[in-house]
């Protein structure tokens, strides 16, 4: 079949259009594939970033946990140290109190001993004073009696 010019022109135009359509479709699919590959790559990057963020969060969480453990251990040690210091202080105060009480007891015993000695010395002095006064009084009575007897005797002699 012989194509007429018009038909041929029309055929060429159709062929060009078809060819153009194929090119457009081909370009469209290529763009779609590139966009799909780009989106896939972006998704891969996003997932990788999420993994990295999750890893960093896990590291931070582990670091916080370790720091919390260290802080708890430090607080426990500080509490134990404070308790040891408190017990030591209590023991020192108890020892000091016991020493003070022992000193006071010894001082009281010494004071009582000194008081007993003083009272014994004072009693001895008072007894000595009493005996001296008693001897003096007895001597005085003796002399009084003797003087009285002497007067009586003298009086009797004068009257006889």
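No value in this document is a laboratory result; all are computed from the given coordinates. Since this is a predicted model, take the numbers as computed values, not measurements.
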**Message:** Could you give the length gained by full extension between residue 49 and residue 84, i.e. 0.36 nm per residue of separation minus their alpha carbon distance, to one decimal place?
**Reply:** 7.5 nm
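State the extension gain, in nm to one decimal, for the chain segment bounded by residue 114 and residue 63, taking 0.36 nm per residue of separation less the distance between their alpha-carbons. Kindly include the intermediate steps, with their values, before the conclusion.
Working: separation 51, 0.36 × 51 = 18.36 nm, distance 7.44 nm.
Extra length from residue 114 to residue 63 when fully extended: 10.9 nm.
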